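Any read-out appearing in this document is the output of simple, stated calculations on the displayed coordinates, not a laboratory observation. Small disclaimer: the values here were computed from a predicted structure and weren't measured. Cβ placement follows ideal geometry from the backbone for every residue including glycine, while neighbour counts extend to all protein chains displayed.
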Amino acid sequence: MHRRRRTALLFSAAIAAAAPLLTACGSDAHPGAAAVVGDDRITVAQLENRVNEVRAAQRAASKDDSQYQQAVAQTSALTRNTLNGMVLEKVLDQALKDAGVTVTRKEIQQYRSGLETEAGGAAALEAAYLQRYSVAPEQLEESLRSDVEVQKLAAALGADLNSPEGGTVFWKALSTASEKLDVDLNPRYGSWGVDKASGRVGLLEAKTPWLKEVTGAGSQESA
């Protein structure tokens, strides 16, 4: 993936190795919810729908059942990682609001057009995001929006995402937004928190397509 995308993405797998400062109680107070983020509910049904879209895309892209089962095995943490992404999308939205940053549809379309050109077409880009980031074609637009939002938020914060210092500034903004939203996670999916050492916020042992590759921290786990 080209340099512009690499510099827009943050590496979040380091969260998996650290205990959180903040853990969500999540649970019976919100029946049917995978998470409550501020005034918004992420329902179990919504989470399962996203996961099923990825599984359907993986099956369609597989030559046979054996290849599909291999794809499933390689993305065994898909549900947790998907929930992590869904929550972080809302946290990112809050951070953008706090910073007074907006993203237009035209900016997303321009970004997508550039990626499609580099990938060799729309179908090739969809295949790449499915394989590398477990993003189904139906979810690609939202994933690209998050890419652009990360870029614009980093620019507004004066954060160079190629440097440890820039990563720290960026994660501080997301940490502040996360605390403001008071993320309430269903404990069946794990714990939500901010790592004391790194300042990263998220669901433990999860990663997110548009939050990778910065500051050289840690190593990725399977999607």
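Can you list the GluC sites (Glu not before Pro) in the stretch 38-107 that are in a DSSP coil and have 13 or fewer other beta carbons within 10 angstrom?
Values: sites: Glu48, Glu53, Glu89, Glu107; in loops: none.
Listed in order of number, the matching sites amount to none.
If R₀ is 30 angstrom, what is the calculated FRET efficiency for the pair Thr102 and Glu165, using the beta carbon separation as r and rounding to 0.05?
Details: r = 26 Å, r/R0 = 0.85.
For R0 = 30 Å, the calculated efficiency reads 0.70.
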- Arranged by the count of other C-beta atoms within 10 angstrom, fewest first, what order do Arg112, Arg200 take? Arg112, Arg200
- Task: Take Tyr129, Tyr111 and order them by how many other Cβ atoms sit within 10 Å, fewest up front.
- Result: Tyr111, Tyr129
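Over the Cα atoms of the stretch 3-203, what is the Rg over Rh ratio if Rh follows Kirkwood?
Numbers: Rg = 17.1 Å, Rh = 17.8 Å.
Result for the stretch 3-203 is an Rg/Rh of 0.96.
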